[in-house]
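The values are calculated or read from the model by the stated rules, or taken from the named source; none is laboratory data. Just so it is clear, the model here is predicted, and its values are computed rather than measured. Methodologically, a virtual Cβ is constructed for each residue, glycine included, from the backbone with ideal geometry; neighbour enumeration extends over all protein chains shown.
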Amino acid sequence: MDPQDGYDWQPQQTGYVPPQHRPRAQVPRVDAGRLWAGGAMTALVAALTAVVGLLLIRGVLGIPVFAPEGDGAMGDASTGVLAMGAAFAALVATALLHLLMLATPQPGTFFVWIVTLATAVMVLLPFTTSAPLDARIGSAALYLVIGIAIGSLLSAAGRSATRQDF
């Protein structure tokens, strides 16, 4: 007799294991503070990636993307708009990842697919304009690098922010 449940049980004979003797399931838990700290740092990296990319494309390569050629390497207000847009995209992606971590099985897989497809849209978007080919390629390359930065950094932050409760 088991004193806890008041009856004799033999798991090897019946296959039944009372709930108190069953191993507890692993329950993933999201450390929201850690996730959003990673999201904030990803936003900073995305904004700086946009600025560095524009310096490279405009200043070094001389391709007039996001501003007329006469505006120089740092361009005009479009540089700030692109940097803020990249940071905003990283924060939106953080919110998406948080939602996926709370509500879906295999959130990392869904997140990678969504970020990859969103990045593909942004990479293809310049090719729907009438801008010069070199400006379209430069814009697409910059969007690709920003998308890769956001996707890879937030995927790592999501893994780091997941805890297993036993």
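A few remarks follow.
- Condition check for L82 on (1) at pLDDT 95 or above; (2) over 30 Å from R163 (Cα atoms): one failure, at (1).
- Filter pass, G39 being of a type outside the set (D, E), modelled with pLDDT of 85 or more and not in a helix (DSSP H, G or I): no
- The one condition from (1) free of Cβ contacts under 8 Å to residues at least 40 places away in the same chain; (2) surrounded by 19 or more Cβ atoms within 10 Å (Cβ to Cβ) that S139 does not meet is (1).
- Some residue of the range 86-96 being under 23 Å from M41 (Cα atoms) and not hydrophobic (A, V, I, L, M, F, W, C): yes
- In summary, L142 fulfils each of the numbered conditions (1) at pLDDT 95 or above; (2) under 11 Å from the mean Cα position of the chain (by Cα); (3) not aromatic (F, W, Y) with the single exception of condition (2).
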